[in-house]
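Derivation of every value follows stated rules applied to the coordinates shown; laboratory data play no part. Being a predicted model, the structure only gives us computed values, none of them experimental. Glycine also receives a Cβ, built like all others from the backbone with ideal geometry; neighbour counts cover every protein chain displayed.
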Amino acid sequence: MHKTVRSDKIRILLVDDHMVMRMGLVTATSDEPDMEVVADVENGAEAIEAYRAHRPDVVVLDLRMHGMSGVDAIRALRSEFGNVRVLVYSNYAAGEEVYQALKAGASGFVVKEMALERLLEAIRKVHAGEQYVPPEIAMRMGERLMAQLSPRELDVLKLVAKGRSNKEIAAELHVVEGTAKIHVANILTKLGVSDRTQAIVVAVRRGIIQIE
């Protein structure tokens, strides 16, 4: 396990079951004046112990590891440390995997085939409290969520984005207002948001709808 002392730099915990990958990231971040790796471990269970010991600023974590999965590790970290900031760094970026990682509480997602500069940018943004999901990854998320929404729910979502009320949506779609309200509630649940504004933001960001 690689350890360093506390400093004003972005303190990073690396979690990956490939030692060569961890060594490469330790070397890459050591060249950055504002970053340092405080620990590197090979699985989710070790990640939780390392987080308890080091309280890093950002956890850079693979999804597919032996033992506890990356998604389960994110859930466990979020449960114990509500303010944990996790950046997924994975070879795999299928829409479902991205969705599950972000739903579990990850703050960002970077694919290993992307340039190192993208990873460093993501670490800085996640450390700053921002979410980092590159457009090509967001598009896969959009495809996943679009498949999750029914055609009628997509119609309702587009009308929500136009500022229509439940009553107006019902009139345009020739349904009763109660049905429109149920569709809106289902959309919020499927997108993982609590209100209409958040639903529009998520839907536009992930390419599900476009604002005209």
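Brief remarks on what is shown
- A simple spin-label model places the labels of Glu136 and Asp34 2.5 nm from each other, with each point 7 Å out along Cα-to-Cβ.
- For the range 171-195, no residue has its backbone nitrogen under 12 Å from a point 7 Å from the Cα of Tyr92, taken along Cα to Cβ.
- Taking Gln198, Gln131, Gln100 as the candidate residues, the one with maximal mean-square fluctuation in a Gaussian network model of the chain, Cα springs under 10 Å, is Gln198.
- Springs between Cα atoms under 10 Å define the GNM used for the chain, and in it the highest mean-square fluctuation of Gly192, Gly44, Gly105 occurs at Gly192.
- Förster radius 25 Å - calculated FRET efficiency between Ser150 and Ala171, Cβ distance, rounded to 0.05: 0.80
- The range 10-135, Rg to Rh (Cα coordinates; Rh as Kirkwood inverse mean 1/r): 0.91
- Pairwise FRET efficiency - Ala128 versus Val201, Cβ, R0 = 25 Å, nearest 0.05: 0.85
- Estimated FRET transfer efficiency when R0 is 22 angstrom, pair Asn186-Arg78 (beta carbons, to 0.05): 0.30
- About its Cα centre, the range 75-130 has a charge dipole of approximately 160 debye under the convention of +1 per Lys or Arg Cβ and -1 per Asp or Glu Cβ, with nothing else charged.
- In the range 149-205, the alpha-carbon atoms span a convex hull of 67 Å³ per residue.
- For a label point 7 Å along the Cα-to-beta-carbon line of Lys103, residues of the range 181-195 with backbone N under 11 Å: 190-192
- Percent of alpha-carbon pairs separated by more than 33 Å within the chain: 26
- Adding -39500 (n - 2.57) for every DSSP H run of four residues or longer, then dividing by how many residues the chain holds, sets the calculated 222 nm ellipticity at -16500 deg cm²/dmol.
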